[in-house]
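The values are calculated or read from the model by the stated rules, or taken from the named source; none is laboratory data. Source: prediction; values computed, not measured. We place every Cβ from the backbone using ideal geometry, glycine too, and count neighbours over all the protein chains shown.
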Amino acid sequence: MIKKYFEKLQIALLAISSMITTVTIFLIVIFLFSYGIKFFTNSSIEKGYDIVVHESNPIQKLSPVILQQIFDQEYTFWHEVGGNQDSLEILHFEDLPNYYTEEQMGAEFELVGACITDYLSKHPNAITIIPSININSSFKGKIVEVASIKFADVFTTQKWFPTSKPIALFGILPMIIGTLLVSFGAIVLALPFGIACAIYMAEIMKSKWRKYLKPTIELLAGIPSVVYGFFGLVVIVPIIKNVFQLEVGETALAGSIILAIMALPTIITITEDAIQNVPNSVREASLSLGASKWQTILYVVLPFAKNGIITATVLGIGRAIGETMAVLMVTGNSAIIPNSFLQPVRTIPATIAAELGEAPFGGTHFQALFTLGCILFLFSMGINLYVNYTSRSKN
Amino acid sequence: MNKYIIEKIVFWVFRLMTLLVVGILVWILGFIAYHGIQVLSWDFLTKMPEEGMTKGGIFPAIVGTVCLMVGSMIFAFPIGVMSAIYLNEFLGEGKIKSLINLMTDNLAGIPSIVFGLFGMALFVNKLHFGDSIVAGSLTLGLLVLPIIIRTTETALKSIDDTYRHASYALGASKLYTIKNVVLPMAMPNVITGLILGMGRVSGETAPILFTAAAYFLPQLPDSIYDQVMALPYHLYVLATSGTDIETARPMAYGTALVLILFVLFCNLAANFIRSIKN
């Protein structure tokens, strides 16, 4: 009797173990998205600071992007940002001692609020960012509401200044473009070699040699990404620098080359499997009609294996997009939108790896990095579901 | 042009491209080996880093990586094997099985940096493990879980049903059969999965960046709640952000070589076990 319950318990334990992967996926979703979504409730102005204008200014609310542009002096008139026709003046808080003496500001800076009030009354068109602590009884002015970070803004803003103060900008467009560019380059480089190698292994090579080539390709997959990154840094980067006469060799091209090498094993293995799965009868039919071996491969085998090759490509892209360390080490990591392969780029995974260590826990920057993680997660899920769907529809 | 001449040309092009792929592998391995072997010595393997990591050895990084390999396997191996047993021996084809299979595939496809984020949020912060061997091991364990499950499943599938039926015919229960007949037979291939998983763990950097790895530690860890140095992260530090990158270069080559030897050893061991079984 006890033995029976013990057996039941063991089976229950096995069942629970089998749930772990599913549970993990759900936990990943919960944790990533709870931080990632919280990001959009933040304001990008630093905590403890406020934007103030004169009471007569009709401006009520400004978006982070516009604020940043205002302080970058990209506007000269209030009506450009939705206000009246007056010209726009900026007061930098740190310039305040130029206008007021220490006595006027008070020994403990308790009168700064009054100074700001005074300044605003003299310059009614001014806008400034001040520590919220100065907004006390002596202060008269209007606090401008800063709109919280918007979904659309994040994907269209071209600037990523997550730590700039007091206004941080979280535009992830450069990273998305950087990731896609590097991965696209990698797949363009890797596909011809991957497919050629797979065809050679599956159709042309003597099986005696194939026995050795297969573990070799597997070994290529086993090399840690940080070793690829190191190799890229000390070999590929200097070569690119010399060949193209660049000042720095850390470019999108370097990333693409390294990622292409890393994606090769995935592409070769899956394509080879697909070619092996083509029934021999099809090949024989083609050969018996007088086609050469190459014609058979080109017109019969490859079209037959088309789905497998597409799967290989998609998985190769997936591998390239999610790769972190190698890309971090060779692409130069500047968050600008590149216009050629010879410029430094920054990818989504590299951004997370480079910045999470410095981002204060739970802060806006921290949450922004989790948002990037969510994008990566959704992307890898999409690729897996696609591959799963196509392989099931084939069966 | 004759179709056979075209064929010859095309095949030669393919042959050259394949050679190039193999050549790249040889180049990478040869390059690291050539430079690494010059610093590889007993001292290099057993000493602490000295003078801002430009001299001395990489002993703490080796210890750290071994800790993480063992730690992640203590967690992932039993769960992975049990999971595979349930999937292959108990669960019939159906919605639940395809859901679990789908989720396992998805887990395998998630980028390693996302594991790093997740491990940091759950193990380091929510469960208060801090940056530690436990947090890193659990994160890496989840990362290799799909590999263990898949290899074990394949191993179990390769056992012919006649063995199971013979055991049942002798009156053995299902669990008894699995424990005493199926698992022992599948063991060599299951161990292959374990070793491949360890190889994968030894080289992963992104998941331990925020869960376990330390830039530099003057002493070895003395509890599982300590941070550790790890080979892949040490290589990253030496290559990109050390105090003096140029002087540290020989150290970086040595570390890269040791790291590759770890992975190479795991791959060869796995292949060896597979070959004696067949």
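Odds and ends about this structure:
- Filtered residues of the range B:103-118 (kept if under 16 Å from A:Leu385 (Cβ atoms), of a type outside the set (Val, Ile, Thr), facing chain A (nearest Cβ under 7 Å) and part of a helix (DSSP H, G or I)): B:Met103, B:Asp105, B:Asn106, B:Leu107, B:Gly109
- Counting the residues of the range A:275-295 that are without any contact (Cβ under 8 Å) to a residue 60 or more places away in the chain and either more than 14 Å from every other protein chain (Cβ to nearest Cβ) or in contact with a strand residue (DSSP E or B) (Cβ under 9 Å, 6 or more places away or on another chain) (or both) gives 10.
- If only residues of the range A:360-371 that are under 16 Å from the mean Cα position of the chain (by Cα) and within 9 Å of chain B (Cβ to nearest Cβ) are counted, the one that is farthest from A:Thr21 (Cα to Cα) is A:Leu369.
- Taken over the range A:322-342, the criterion of being surrounded by fewer than 24 Cβ atoms within 10 Å (Cβ to Cβ) and in contact with a helix residue (DSSP H, G or I) (Cβ under 9 Å, 6 or more places away or on another chain) is satisfied by A:Gly332, A:Asn333, A:Ser334, A:Ala335, A:Ile336, A:Ile337, A:Pro338, A:Ser340, A:Phe341, A:Leu342.
Matching residues to (1) buried (at least 21 other Cβ atoms within 10 Å of the Cβ); (2) among the acidic types (Asp, Glu); (3) within 10 Å of chain B (Cβ to nearest Cβ); (4) assigned to a loop (DSSP other than H, G, I, E, B):
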residue	(1), (2), (3), (4)
A:Val226	yes, no, yes, no
A:Asn242	no, no, no, no
A:Glu250	yes, yes, no, yes
A:Leu253	yes, no, no, no
A:Leu259	yes, no, no, no
A:Leu264	yes, no, yes, no
A:Thr271	yes, no, no, no
A:Ile297	yes, no, yes, no
A:Leu302	no, no, no, no
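- Boolean, B:Val10 is hydrophobic (A, V, I, L, M, F, W, C) and either without any contact (Cβ under 8 Å) to a residue 12 or more places away in the chain or exposed (fewer than 13 other Cβ atoms within 10 Å of the Cβ) (or both): yes
- Close pairs from the range B:79-101: first more than 7 Å from chain A (Cβ to nearest Cβ), partner surrounded by 16 or more Cβ atoms within 10 Å (Cβ to Cβ) and part of a loop (DSSP other than H, G, I, E, B), Cβ under 9 Å, at least 6 apart: B:Lys97/B:Leu91
- The residue pairs whose first member lies in the range A:185-214 and is under 23 Å from A:Pro279 (Cα atoms), whose second member is surrounded by fewer than 21 Cβ atoms within 10 Å (Cβ to Cβ) and aromatic (Phe, Trp, Tyr), and whose beta carbons are closer than 6 Å, counting only pairs six or more residues apart or on different chains, are A:Ile204/B:Phe11.
- Those residues of the range A:133-159 which are under 28 Å from A:Phe370 (Cα atoms) and out of contact with any Lys or Arg (no Cβ under 8 Å at 6 or more places or on another chain), in sequence order: A:Ser148, A:Ile149, A:Lys150, A:Phe151, A:Ala152, A:Asp153, A:Val154, A:Phe155, A:Thr156, A:Thr157, A:Gln158, A:Lys159
- Residue tally, condition more than 10 Å from every other protein chain (Cβ to nearest Cβ) and out of contact with any helix residue (DSSP H, G or I) (no Cβ under 7 Å at 6 or more places or on another chain), over the range B:246-268: 5
Residues are listed down the side, and each one gets a yes or a no for (1) under 19 Å from B:Arg249 (Cα atoms); (2) charged (D, E, K, R):
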site: B:Ile37; (1), (2): yes, no
site: B:Trp42; (1), (2): yes, no
site: B:Glu50; (1), (2): yes, yes
site: B:Val63; (1), (2): no, no
site: B:Ser72; (1), (2): no, no
site: B:Gly92; (1), (2): no, no
site: B:Lys97; (1), (2): no, yes
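- Some residue of the range B:211-225 being part of a helix (DSSP H, G or I) and either at pLDDT 90 or above or under 19 Å from B:Leu140 (Cβ atoms) (or both): no
- Considering B:Ser241, B:Ser275, the condition of being without any contact (Cβ under 8 Å) to a residue 40 or more places away in the chain, within 12 Å of another protein chain (Cβ to nearest Cβ) and farther than 27 Å from B:Lys55 by Cα is satisfied by B:Ser275 alone.
- Condition check for A:Ala354: within 11 Å of chain B (Cβ to nearest Cβ), hydrophobic (A, V, I, L, M, F, W, C), more than 25 Å from A:Phe193 (Cβ to Cβ) and assigned to a loop (DSSP other than H, G, I, E, B): no
- When residues of the range A:202-212 are limited to those that are more than 7 Å from chain B (Cβ to nearest Cβ) and part of a helix (DSSP H, G or I), the one nearest to A:Pro174 (Cα to Cα): A:Ala202
- Annotation: of all residues in the range A:7-66 being in contact with a helix residue (DSSP H, G or I) (Cβ under 9 Å, 6 or more places away or on another chain) and of a type in the set (Lys, Arg), the one that is surrounded by the most Cβ atoms within 10 Å (Cβ to Cβ) is A:Lys38.
- The selection criterion, being hydrophobic (A, V, I, L, M, F, W, C), in contact with a helix residue (DSSP H, G or I) (Cβ under 8 Å, 6 or more places away or on another chain) and farther than 24 Å from B:Leu217 by Cα, holds for B:Ala108.
- Subset of the range A:372-395 (residues that are more than 9 Å from chain B (Cβ to nearest Cβ), of a type in the set (Phe, Trp, Tyr) and under 13 Å from A:Gly318 (Cα atoms)): A:Tyr386
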